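Below is one structure, written out as structure tokens; the observations come after it.
Each reported figure results from applying straightforward, stated rules to the coordinates on display, with no laboratory input. Not measured: the values here are computed from a predicted model. Cβ atoms come from the backbone with ideal geometry, glycine included; neighbour counts cover every protein chain shown.
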Amino acid sequence: MSRIYIQTIAYNAQSTIHRCVKSILNQTYRGDITWDILDNGSNDDTLQILLKYAEQNPQLNIYHIDKNCSPNDDKEHAIWDRFYRRTGLDICDDNYFCLLDSDDEYKCDFIEKALYFMNENSLDIVAVGSDFINSKTNTIGGIRKIQQNLVLSDAKAYSEYFSEYHQFFRTVWGKLYKMSLLKDYLRNDMLSYGNDTWFAFYTMAQAERVGILAESLHKYYISPKSVSYKWDSKRIDSDVILHKMANDFLMNRCGIVTSHNEEFLLLVYMNAIKDTLNVLLNSDVSDEEKLVNVLNIFSHQYTKQLAARNQLGALCGSISLFTGQRKDLFKIVMDWLLAREEVQDEQMEHFCQVGEFICAVVENASGWVFFNKILIEYLIDMGRVDDAKIKLFDILELIPDDNELLSMKEKLESN
């Protein structure tokens, strides 16, 4: 007989865990359910509430970690591994798996409807829609769902509908998976964030047939929380890894990344680095460390592809909207770079090259000239006269009457 495995991680969830637990206990599906819940070092009554539920509901298995941590914390990795891969999991096509956050809930017919849709269409994954609810007012702020059921079963469908189903595979919740998809799953410890997206795309890459059910059967609660600007340098790698993973998925599944999908993923990447930049610049790390990371982001090949895309947005709905967003993003970085009063010698060349590149993107001629002049002066100071001459003469062809450049020319010729 089939079994549904559910996993939840809870931290200080005493105010929300009741609705989460009740949403599973009240499912109309009456088959075998096993639910593993990990209390991740809560210091409120979350654990006590869960243990009381477990006393009356043997399908609940409660795990506990004394100190709040993430799966990437090496000290606690064994505990997380036990939670994710405990001996009781039966890896086979007849069993299914889903996840639920401790402050969210599934509608009472989620499992029944998702399982029916899965069996009816021989699917490996079913994704459903979500209500986005303001936790303070308990009102629905939006609903994410498609207009009609969608079944992906061949290369054409996976390519043609990519921008439509992509939104459902940035998160792990709101889906029912065949357990067999998890057989060889390993977390990517290079990711400081985005493991949800990694998991969702990994399982989709293992699946043959995927379906999107045109019903909202999941409730996602949006809580007003203070913004966290804690910086992790691996975040840059996460943006790159997830962008590559999505492109690789399309290439492996469809044999091609169409121009539309290429542009769509560049827009996703643009939003990702925008969020990363916001966290970085508002973090409490030193300006020197911020500069290193800004230069890494804006010298990466994916960022250069984003900058080089002509008529960005033409294939995704609006050139003016998306080119405007790109220009705004690059202008933030340009202004930040121009405001630097001190740059270490070992960073100077990279600093000037990235500054020159960004000013070209936003079409800021004075900024472009500024970074070129700084670079020429640096090359002269470093004794790299030949490099300085090449750079200088190239710019003099564009602005031959610039007094500062002419002065640099005289200085070089006198050496």
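Structure values in brief
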| read-out | value |
| --- | --- |
| Estimated FRET transfer efficiency (residue 410, residue 331; beta-carbon r; R0 30 Å; 0.05) | 0.30 |
| Sequence-distant lysines (8 or more away, or on other chains) whose Cα lies within less than 16 Å of residue 290 | 230, 234, 274 |
| Sparsely packed GluC sites (Glu not before Pro) within the range 351-404, loop by DSSP, other Cβ within 10 Å at most 16 | 363, 397 |
| Identified option (computed P(r) over Cα pairs in 10 Å bins from 0, in percent; candidates [x] 5, 21, 31, 27, 13, 3, 0; [y] 4, 18, 25, 22, 14, 8, 5, 2, 0; [z] 4, 16, 18, 16, 13, 11, 9, 7, 4, 1, 0) | [y] |
| Between the range 303-347 and the range 3-63, the alpha-carbon center distance in angstrom | 45 |
| Reach of residue 219 by Cα under 21 Å, taken over lysines that are not fewer than 8 positions away in the same chain | 22, 107, 113, 136, 145, 175 |
| Cα-centred dipole magnitude for the chain, charges only on beta-carbon of K, R (+1) and D, E (-1), debye, nearest 20 | 1540 |
| Farthest positive-ward along the chain dipole, Cα basis, beta-carbon charges - from 233, 369, 212 | 212 |
| Of 284, 36, 381, the one that fluctuates the most in a GNM where the chain has Cα springs shorter than 10 Å | 381 |
| Rounded tilt (10° steps) of 319-338 against the dominant C-alpha axis of the chain | 60 |
| Estimated [θ] at 222 nm from DSSP helical runs (n ≥ 4, -39500 (n - 2.57)) normalised by residues in the chain, nearest 500 | -15500 deg cm²/dmol |
| Two-site FRET efficiency, residue 338 against residue 259, from Cβ-Cβ distance with R₀ of 30 Å, rounded to 0.05 | 0.30 |
